[in-house]
Structure formats: C-alpha cells, structure tokens
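Worksheet: one structure, shown below.
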Amino acid sequence: MKKALPIVACLWLYPFTIHAEDTVVRTAAVPNRLLRQGEARLVRGPRFVAVQIKLHTRHLAKVRDAIAESESATWPDSPDSARYLHALDTSCAQALRAHSGKIHFEIEWRLRANGTGRVRISGGDEDHVLDNLSPDYLKHNLALIMADRFDFSKAEALAWIHTHLAGERE
C-alpha cells in the first residue's frame with residue numbers, strides 16, 4: 001500500500017500541476033510568509049492565464065468564510081458567484097468531513113484567450129469544475145485575486161491579463 005500512495009497523490013494533484021509549456025510568473029505565500037498555509041501561483045500557459053491557490057490548512061472553514069464574504073460583497077446578485085459559492089461550500093464540507101488536521105485544498109481560476117474559462121475546486125471527495133462562467137466574471141475575479149495576492153492594482157492586473165492573452169487569441 002505504501003508504494004501506491006505516491007501514485008494516488010500524483011493522480012490527485014494532476015489537475016493542478018504545471019506542465020512544461022506553462023510558466024509560473026509569480027508566487028506568494030497564503031495568507032503571508034509568516035503564517036504560511038499555502039501558496040498562490042500566477043501561471044501563464046499556451047492560450048490561458050490562471051491563478052492557482054494551493055492550501056494546506058487547519059482553518060479551512062475560516063478560509064471559506066473569508067472567500068464567501070468577499071465574493072458576496074463583490075458580486076451580490078451574480079448567478080456565476082452563486083454557483084461558485086455553492087461549489088466552494090460543497091467542497092469545503094466534503095473536505096472537512098473527510099479529513100482532520102491540515103487539509104489540502106486547491107482552487108484554480110483559469111481564463112482562456114478565447115474568453116472561456118473555468119474554476120476548479122479540489123479538496124473534497126471530488127473535484128468541482130465550473131465551466132460556462134461569464135468571461136467578465138472570470139476576468140474580474142482573476143484581477144481581484146492578482147491585486148490581493150501579487151501586489152497588482154486591479155487596473156494593472158486587467159492590463160496584464162489582456163496583454164498575455166492578446167497574442168494568444170484562437
């Protein structure tokens with residue numbers, strides 16, 4: 001069984017791995033370098049940009065509550081936000097039921113050059129993948145996360161996203 005664990009771990013982490021053609025542009029400790037409970041990554045790949053949040057925390061319920069508070073304030077009447085918060089709640093509840101101590105939990109926001117994208121949440125019994133989200137919702141949430149984690153202003157983040165996707169349009 002011990003030999004199977006690395007294989008299982010690799011399969012579990014595969015959706016969040018960096019592929020050879022992907023570039024990690026920036027990283028930041030979450031919530032900060034002194035109380036590190038995870039890492040945020042800004043990733044650029046062929047025809048997409050993404051922010052990956054990888055957590056290893058005992059405080060998943062607090063993380064969920066902070067995300068929900070921010071999301072509700074930013075997108076009070078958004079159906080996309082409601083779908084995201086439902087998936088986040090479901091994934092967190094599954095993870096908290098299934099694990100104790102430090103819990104591995106990951107969220108990836110990805111926007112493709114053609115304006116489509118997805119959010120993938122992993123940490124519970126199954127991954128939750130949200131496709132068909134509005135490009136505006138995806139782009140602005142990516143920019144807000146970049147502003148929060150990587151010291152961009154929202155305007156700088158939007159410009160960075162535009163610049164890195166402009167040459168990659170499908």
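Here, each number is a calculation from the coordinates, and none is a lab measurement. Everything quoted here is computed from the prediction, not taken from an experiment. Cβ sites come from the backbone with ideal geometry, for glycine too, and all protein chains shown count toward neighbours.
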Residue identified as crowded, with 18+ Cβ neighbours inside 10 Å and within 22 Å of residue 159 (Cβ to Cβ) among 120, 41, 47, 64: 41
Tally, over the range 92-113, of residues that are closer than 30 Å to residue 163 by Cβ and within 16 Å of the chain's Cα centre (by Cα): 7
Qualifying position, being part of a strand (DSSP E or B) and on the phi < 0 side of the Ramachandran plot, among 64, 149, 83, 120: 120
Count of the range 90-117 residues which are part of a helix (DSSP H, G or I) and either small (Gly, Ala, Ser) or surrounded by fewer than 15 Cβ atoms within 10 Å (Cβ to Cβ) (or both): 5
Residue tally, condition closer than 14 Å to residue 140 by Cα and aliphatic (A, V, I, L, M), over the range 60-119: 3
